[in-house]
Amino acid sequence: MNFFYVLNSKSVKQFALILVVSFFTAWFLYVENIVQIPVFSSKDGPKAVYKGEKGVALTFNIGWGDKKAEPILDILKEKKVNATFFLAGSWAERHPELVNRMVKEGHEIGILGYDYVDYSEVKEEKIRQDLSKAKTAFEKLKIDNIALSRAPTGHFNQSALTIADQYDYTLVHWSIDSKDWTNPGTTQIIKKAGSAKKGDIVLLHASDSAKQTANALPEIIKKLQKKNLEFVTVSEMISNADSKSKEVH
């Protein structure tokens, strides 16, 4: 009986150990899953966010022009929607009053470089120069708390990710491309942007080349509101770090 009791005790301990290990393994995998950020990245190193897990983020790129930004700001104000604007430093220098209005009305500012540079095709030094010029431009406008950047053409590689990270910027891509800059008609823009779901980052433009975006915007907002989606800035979307990852090739 004593011999049997010792064996039984060992079995119980082994079973308990297996349970504990299984629990912590499951917990680790669960936490790893919910803490991932939707990103393009290499296995190690900086990441480029393109999707989150809460709300929907409307993002507007502005590289040139002075006619389309104000109407879009008027609509966002009327609809009480905050967005994230990625601004070229050269544009911001020419339109400080619009940049200040964006900040005052609760919109988030991200950097769209300084010039229209394809980060995937230039040397690292050119990327550094472009980001540095943009950073200086916004500092002169007393906007020095910028945390986000976006590749001016939307193209980037690991070097661009690394350099953005060195400037303490999170590189932001998108999960929904409205193609509004091609001016396909308001119906098509509404269809693409309005298809967004929870966690999507929507790419729109407020440069003068996007002639139909302002007309499409009220209906886009209406469609997304019908889905009970909360409008958030990109920083708000990724603040809890709920996301996934994808390698850059």
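The values are calculated or read from the model by the stated rules, or taken from the named source; none is laboratory data. The model shown is predicted, which means the values in this text are computed figures rather than measured ones. Glycine gets a Cβ as well: all are built from the backbone with ideal geometry, and neighbour counts include every protein chain shown. With ligands, DNA and RNA removed, areas are computed over all heavy atoms of the protein, side chains included. Shrake-Rupley method; radii C 1.70, N 1.55, O 1.52, S 1.80 Å.
Remarks
- Inter-residue pairs, beta-carbon under 6 Å, first within 11 Å of residue 135 (Cβ to Cβ) and in the range 148-170, second surrounded by fewer than 22 Cβ atoms within 10 Å (Cβ to Cβ), 6+ apart: 149/169
- From the list 163, 146, the lone residue that is at pLDDT 95 or above, under 19 Å from the mean Cα position of the chain (by Cα), among the aliphatic types (A, V, I, L, M) and not in a loop (DSSP other than H, G, I, E, B) is 163.
- Within the range 63-116, the set of residues being crowded, with 17+ Cβ neighbours inside 10 Å, over 29 Å from residue 225 (Cβ atoms) and either at pLDDT below 95 or of a type in the set (Gly, Ala, Ser) (or both) comprises 88, 89, 90, 92, 113.
- Residue check, residue 146 farther than 24 Å from residue 181 by Cα, touching a Lys or Arg at 6+ places or on another chain (Cβ under 7 Å) and among the hydrophobic types (A, V, I, L, M, F, W, C): no
- Residue count, the range 81-131 (criterion: in a helix (DSSP H, G or I) and β-branched (Val, Ile, Thr)): 3
- Considering 170, 182, the condition of being farther than 21 Å from residue 111 by Cα and among the hydroxyl-bearing types (Ser, Thr, Tyr) is satisfied by 182 alone.
- Looking across the range 158-213, the residues that are open to solvent by 10 Å² or more (accessible area, probe 1.4 Å), under 16 Å from residue 227 (Cβ atoms) and not charged (D, E, K, R) come down to 175, 176, 190, 195.
- Extreme residue, farthest from residue 184 (Cα to Cα), among residues of the range 208-230 that are part of a loop (DSSP other than H, G, I, E, B) and of a type in the set (Asp, Glu): 230
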